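Engineer: Below are the structure tokens for one structure; questions will follow.
Since every read-out is calculated from the coordinates, none of them should be taken as a lab result. Source: prediction; values computed, not measured. For neighbour counting, all protein chains shown are included, and Cβ atoms are generated from backbone atoms with ideal geometry for every residue, glycine included.
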Amino acid sequence: MFIGRRGAHEMCLMVAGLMLAVGYMSNRTPALSAQWQWVIAAMYVLFAVGSLLGLVGCLWRSWDMALGIEQTGLLLQSAGLVIYIVAVFAFAGLAGWVVLTIFTAWLIANLARTWEIQRDIRALRKAASLGG
């Protein structure tokens with residue numbers, strides 16, 4: 001199995017994200033008005049697809065494709081995290097500070113990794129253009 005520079009903690013976050021999304025989708029959501037149902041569905045889908053893509057990107061063998069897949073997954077998962085953070089803040093306010101802190105830290109970690117991936121992609125392209 002090829003892991004590359006990705007740490008086990010990154011892969012664990014992807015697995016955790018996938019498990020959270022599946023757990024959310026398998027449970028009934030509280031009764032909300034119809035106008036909020038699409039937000040909940042979007043959050044679940046973004047989180048599940050982003051987590052799955054991020055995990056696939058971590059395990060993919062070729063660097064160029066792996067980095068792009070992982071970056072896409074991280075950005076989709078980040079979009080789901082933003083929706084979740086806004087929803088927690090809207091419904092719980094600062095009383096949800098523990099959840100807000102954990103998920104905001106997760107969002108920041110995703111965005112930092114996305115920036116690292118973009119930097120690595122640029123370096124790989126530059127090296128390929130110099131070598132070819």
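Engineer: Starting from 0.36 nm per residue, how many nanometres of slack lie between V99 and D64 once their C-alpha separation is accounted for?
Structural biologist: So the extension gain works out to 9.1 nm.
Engineer: With Cα Rg over 2.2 N^0.38 Å defined as stated, name the option among (i) 1.82; (ii) 3.17; (iii) 1.19 computed from the structure displayed.
Structural biologist: (iii)
Engineer: Please give, to one decimal in nm, the separation of the simple spin-label points placed at A41 and H9, each 7 Å out from Cα toward the Cβ.
Structural biologist: Simple spin-label model gives 3.7 nm for this pair.
Engineer: Taking 0.36 nm per residue of separation and subtracting the Cα-Cα distance, what length does fully extending A16 through A112 add?
Structural biologist: Here the answer is 32.7 nm.
Engineer: Mind giving me the nanometre distance, one decimal, between the label points for V82 and A123, set 7 Å out from Cα along Cα→Cβ?
Structural biologist: Between V82 and A123, the simple spin-label model gives 2.7 nm.
Engineer: For region 68-124, what class follows from the C-alpha gyration tensor (a ≥ b ≥ c being the square roots of its eigenvalues): rounded when a/c is under 1.5, otherwise prolate if a/b is larger than b/c, else oblate?
Structural biologist: Prolate, because a/c is 1.5 or more and a/b exceeds b/c.
Engineer: Which one of A95, A42, A66 has the biggest mean-square fluctuation once the chain is modelled by GNM with Cα springs under 10 Å?
Structural biologist: Between A95, A42, A66, it is A95 that shows the largest mean-square fluctuation.
Engineer: Related question: Return the sequence-ordered ³J(HN,Hα) values of region 56-62 in whole Hz as given by the Karplus equation 6.51 cos²θ - 1.76 cosθ + 1.60 applied to θ = phi - 60°, using x for Gly and Pro.
Structural biologist: With coefficients 6.51, -1.76 and 1.60, one gets 4, x, 5, 9, 5, 7, 7 Hz.
Engineer: So what is the calculated 222 nm ellipticity per residue for the chain, using -39500 (n - 2.57) for each DSSP H run with n of 4 or more, over all residues, to the nearest 500 deg cm²/dmol?
Structural biologist: -30000 deg cm²/dmol
Engineer: Let me ask another. Cα axis of helix 97-131 to longest principal axis of the chain: angle in degrees, 0 to 90, nearest 10?
Structural biologist: 20
Engineer: In sequence order, what are the phi-derived ³J(HN,Hα) couplings for region 12-23 according to the Karplus relation 6.51 cos²θ - 1.76 cosθ + 1.60 with θ = phi - 60°, rounded to whole Hz, with x for glycine and proline?
Structural biologist: Taking θ as phi minus 60°, the curve returns 5, 5, 5, 5, 4, x, 5, 5, 4, 5, 5, x Hz for region 12-23.
Engineer: Picking from V98, V15, V56, which is most flexible by a Gaussian network model of the chain using Cα springs under 10 Å?
Structural biologist: V98
Engineer: Continuing with this model, one more query. Compare the Cα positions of A128, L46, S78 along the charge dipole of the chain (+1 at Cβ of Lys, Arg; -1 at Cβ of Asp, Glu; about the Cα centre) and return the one farthest towards the positive end.
Structural biologist: Selected residue: A128.
Engineer: For the chain, modelled as a GNM with alpha-carbon contacts under 10 angstrom, which of Q71, Q118, Q37 fluctuates the most?
Structural biologist: Q37
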